[in-house]
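Read through the structure below, which is laid out as structure tokens, and then see the notes.
The values are calculated or read from the model by the stated rules, or taken from the named source; none is laboratory data. A quick note: this is a predicted structure, and the numbers were derived from the prediction, not measured. Positions of Cβ are generated from backbone atoms using ideal geometry, with glycine treated the same way; all protein chains shown enter the neighbour counts.
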Amino acid sequence: MLCAALLGGSAARGADNITLQGTGATFPAPFYQRWFAEYHKLHPEVQINYQALGSGAGVKQFTDKLVDFGASDAAMTDDEIKLVKDGAVMLPMTAGSVVLGYNLPGFTGDIRLSREAYVGIFLGKITAWNDPKITAANPGVTLPATKITAVERSDGSGTTFVFTNHLSAISDEWKNGPGVGKSINWPVGVSGKGNAGVTALLKQTPGAIGYVEYGYAKETKVPMAVLENKSGKYVKVDLASEQAALAGVEMPADLRAWVPDPSGADAYPIVTYTWLLCYKTYAKAEVATTLRALIRYGLADAQKFGADLGYIPLPANVVAAVTKALDQITP
Amino acid sequence: MVPVPSTSVETTPVLLDTDPEAERASIAQPPSIFDVAADRAFRGLAVAAAWGAVLIVVWVVAEVQHVALPAIRAYGPGFMTGTVWDANRQVFGILPQIFGTLYTSIIGLVVGTIFGVAIAIFLSEGFLATSVDRILRIFGYAEHPWFAALPTRIEALLKITLELLAAIPSVVYGLWGIFVVIPLVRPWADWLNTHLGWIPLFGTSLSGPGILPASLVLAIMVLPTISAISRDALVAVPPKLREAAMGLGATRWEAILGVILPAAATGIFGSIILGFGRALGETIALAMLAGNANVISWSLFSPCTTLAALLANHFPEAGTVEVGALMYAALVLLSITLLVNIGGAVILQRAEAGLKGLR
């Protein structure tokens with residue numbers, strides 16, 4: 001409605017202005033905001049409002065047709081897609097990783113965590129930093145007996161979904177216990193609201209460990225753990241290891257590729273694509289064409305902004321697949 | 001009104017003869033149609049506003065209940081004794097939230113009341129004047145008019161500062177709690193836990209957010225409410241009571257504790273009830289400081305969660321079933337607040353009746 005009013009307003013001024021309204025995930029929000037701002041610089045007549053209310057809100061408002069596009073870290077399920085009358089196209093626009101940030105006063109260097117160790121920490125089975133399961137992976141390093149405080153997200157979040165999806169993939173105990181979801185009944189720990197809340201708790205709590213989106217952790221300079229991947233190698237999070245994680249992924253026709261546990265030898269283990277949700281048909285032709293131009297720009301030039309912000313630029317095969325899928329968006 | 005010329009006495013009766021009609025008309029004329037209309041409109045507006053407020057409460061309750069109804073049917077009273085909130089399995093229980101809400105509010109209220117009433121006594125019983133006077137006497141400035149007004153000015157300044165506490169946004173309190181209160185209480189909490197850990201109150205170690213920091217911040221948040229209203233109540237105690245107590249030989253503290261405080265008890269109690277209401281409904285500061293962990297523990301250092309924090313955390317991403325459960329939780333919170341207020345009103349009325357002779 002707001003969008004229609006704005007469109008009406010601009011039409012009255014006689015200009016060709018157009019406003020797109022979007023809502024959704026907070027995880028890719030910094031990238032989206034940068035991308036939309038850069039696009040607006042190139043095309044001043046196009047104004048894009050993106051509200052980072054969370055993946056759940058993105059899917060909900062997209063389904064209720066309150067927005068021109070939605071965004072979600074968890075691709076919509078088949079049941080959810082059925083509810084969208086105008087048809088839904090899901091386009092992976094960028095990818096990112098979730099890291100385990102920690103706070104261990106007096107400890108410098110990288111801490112290495114085996115898969116058993118970090119699942120155990122969040123299950124509440126490993127409670128001290130000098131637990132044999134942690135020290136075994138860190139030879140030559142003396143770890144303090146500090147108590148571990150697991151820090152989680154208290155609000156529903158795509159980041160939680162990605163993290164728990166990974167934990168479920170690597171541990172049956174997790175799968176049959178807490179499970180996968182945007183909000184989880186956590187066995188242990190304390191939780192904070194948003195990436196910012198988790199980071200604040202991490203910084204204020206000696207012995208804390210918590211999951212945060214990589215871009216956020218990088219920006220706030222939280223130390224990040226080196227994690228064991230599927231092939232048993234300990235991998236630090238960086239662009240190379242993230243790209244290695246995505247390299248092994250086959251993109252299916254509907255573009256819903258899950259990467260709960262990437263298999264590459266140098267792959268960072270917790271990565272995810274994040275999707276833009278678009279309708280197949282738009283009532284207004286100019287909305288469809290503008291959106292397509294915007295996404296085309298997002299797939300090409302905007303990818304480098306993503307890399308600056310800690311996101312993973314899409315592999316070439318994915319860019320090709322998404323570009324092809326753009327044809328499904330019609331006026 | 002017609003000015004009466006006072007120069008000539010003889011003309012006055014003439015004027016009085018000619019003017020009484022006009023004079024009377026100007027002072028006492030029947031209300032004009034406009035007056036009546038304005039009166040009625042204002043009266044109507046006042047009535048509408050009063051009923052509107054009631055209506056909004058009813059509307060909110062009805063709406064919340066409407067959305068909560070499926071959850072109430074599905075989960076019944078067991079909802080209030082369940083201890084798990086798991087949206088994935090659609091198992092919902094809010095006992096830890098009820099416990100956390102009441103526990104943090106009560107501790108916050110106790111601390112807030114002790115300090116709030118103490119501040120109110122300090123600001124209303126002239127303690128500041130006495131001490132300022134004593135210092136001024138040393139320098140020989142006690143009679144100076146500017147310095148004589150000093151205690152009143154400082155008192156006013158303190159009062160305003162205190163009331164400013166109420167204007168600080170909740171999220172600022174939350175941040176302040178994370179970055180100031182938690183590091184401040186951590187060494188004390190660690191010491192108490194290692195040395196007195198056998199006492200259930202100190203049974204767990206403080207991991208950061210938890211009941212103690214949350215309650216302390218709540219105490220500061222309710223402080224302005226309690227101290228401002230208590231001060232007004234203490235100031236309103238008739239001076240004759242104080243004078244009578246002094247006249248009978250009571251010391252200053254005997255007069256304060258034995259006569260003035262009991263006389264102001266209803267007002268002070270009212271302030272505590274208002275503070276309790278504020279503490280129960282406080283959301284963001286607690287969502288940031290309580291730790292949002294689904295546990296029930298008497299330990300002051302354990303994390304906890306509250307009903308308001310649960311709503312704030314889960315509402316944005318909740319599906320239909322969870323929204324119902326959240327509304328059920330909101331209804332429970334509403335009932336608790338309502339019960340506290342009704343209970344407070346009843347006790348207040350009793351206390352008022354007991355003190356009637358004093359007024």
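A few points about this structure:
- In segment A:109-124, of all residues being of a type outside the set (D, E, K, R) and outside any helix (DSSP H, G or I), the one that is surrounded by the fewest Cβ atoms within 10 Å (Cβ to Cβ) corresponds to A:Gly109.
Yes or no, residue by residue, for (1) under 25 Å from B:Ser271 (Cβ atoms); (2) within 14 Å of chain A (Cβ to nearest Cβ); (3) surrounded by 17 or more Cβ atoms within 10 Å (Cβ to Cβ); (4) in contact with a Leu (Cβ under 8 Å, 6 or more places away or on another chain):
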position: B:Ala87; (1), (2), (3), (4): no, yes, yes, no
position: B:Gly108; (1), (2), (3), (4): yes, no, yes, yes
position: B:Ile119; (1), (2), (3), (4): yes, no, yes, yes
position: B:Phe127; (1), (2), (3), (4): yes, no, no, no
position: B:Gly140; (1), (2), (3), (4): no, no, no, no
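- For segment A:58-77, filtering for residues that are surrounded by 19 or more Cβ atoms within 10 Å (Cβ to Cβ), touching a residue at least 24 places away in the same chain (Cβ under 8 Å) and over 17 Å from A:Val162 (Cβ atoms) leaves 6.
- Top-ranked residue in segment A:300-331 [being in a helix (DSSP H, G or I) and touching a Leu at 6+ places or on another chain (Cβ under 7 Å); ranked as farthest from A:Tyr216 (Cα to Cα)]: A:Ala325
- Test: residue in segment B:78-94 that is part of a helix (DSSP H, G or I) and closer than 24 Å to B:Pro209 by Cβ: no
- Counted residues, segment B:147-172 - those being within 14 Å of chain A (Cβ to nearest Cβ) and either out of contact with any helix residue (DSSP H, G or I) (no Cβ under 9 Å at 6 or more places or on another chain) or surrounded by 13 or more Cβ atoms within 10 Å (Cβ to Cβ) (or both): 2
- Tally of residues being crowded, with 18+ Cβ neighbours inside 10 Å, more than 16 Å from the chain's Cα centre (by Cα) and farther than 23 Å from A:Gln328 by Cβ across segment A:251-265: 1
- Qualifying residue in segment B:238-251 (condition: at positive phi and at pLDDT 90 or above): yes
- Tallying residues that are assigned to a helix (DSSP H, G or I), within 11 Å of chain A (Cβ to nearest Cβ) and in contact (Cβ under 8 Å) with a residue 60 or more places away in the chain within segment B:310-322 yields 3.
Here is a yes/no grid of residues against (1) more than 13 Å from chain A (Cβ to nearest Cβ); (2) surrounded by fewer than 19 Cβ atoms within 10 Å (Cβ to Cβ); (3) within 30 Å of B:Ile119 (Cα to Cα); (4) over 20 Å from the mean Cα position of the chain (by Cα):
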residue	(1), (2), (3), (4)
B:Ile199	yes, yes, no, yes
B:Ala214	no, no, yes, no
B:Val222	yes, no, yes, no
B:Ala228	yes, no, yes, no
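- Set side by side, the residues B:Ala290, B:Ala325, B:Ala285 differ, and just one is in contact with a Phe, Trp or Tyr (Cβ under 7 Å, 6 or more places away or on another chain), aliphatic (A, V, I, L, M), within 14 Å of chain A (Cβ to nearest Cβ) and farther than 24 Å from B:Val61 by Cα, which is B:Ala285.
For (1) assigned to a helix (DSSP H, G or I); (2) under 30 Å from the mean Cα position of the chain (by Cα), each residue gets a yes or a no:
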| position | (1), (2) |
| --- | --- |
| B:Gly100 | yes, yes |
| B:Ile106 | yes, yes |
| B:Val117 | yes, yes |
| B:Leu123 | yes, yes |
| B:Leu128 | yes, yes |
| B:Arg137 | yes, no |
| B:Ala142 | no, no |
| B:Trp146 | yes, no |
| B:Ile154 | yes, yes |
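- Any chance B:Trp176 is surrounded by fewer than 19 Cβ atoms within 10 Å (Cβ to Cβ), modelled with pLDDT of 90 or more and under 23 Å from the mean Cα position of the chain (by Cα): yes
One line per residue, one yes/no per condition, for (1) without any contact (Cβ under 8 Å) to a residue 60 or more places away in the chain; (2) among the acidic types (Asp, Glu); (3) crowded, with 19+ Cβ neighbours inside 10 Å:
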site	(1), (2), (3)
B:Asp232	yes, yes, no
B:Val235	no, no, no
B:Leu241	no, no, no
B:Ala244	yes, no, no
B:Thr251	yes, no, no
B:Leu257	yes, no, no
B:Ile260	no, no, yes
B:Gly267	yes, no, yes
B:Ser271	no, no, yes
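- Only one of A:Val89, A:Val119 that is out of contact with any Cys (no Cβ under 6 Å at 6 or more places or on another chain) and of a type outside the set (Phe, Trp, Tyr): A:Val119
- Any hit, segment A:125-147, residues being surrounded by fewer than 24 Cβ atoms within 10 Å (Cβ to Cβ) and within 23 Å of the chain's Cα centre (by Cα): no
- Number of the exception - B:Gly78 against (1) modelled with pLDDT of 90 or more; (2) within 14 Å of chain A (Cβ to nearest Cβ): (2)
- Of the candidates A:Ile111, A:Ile121, A:Ile126, the single residue that is among the aliphatic types (A, V, I, L, M) and within 14 Å of chain B (Cβ to nearest Cβ) is A:Ile121.
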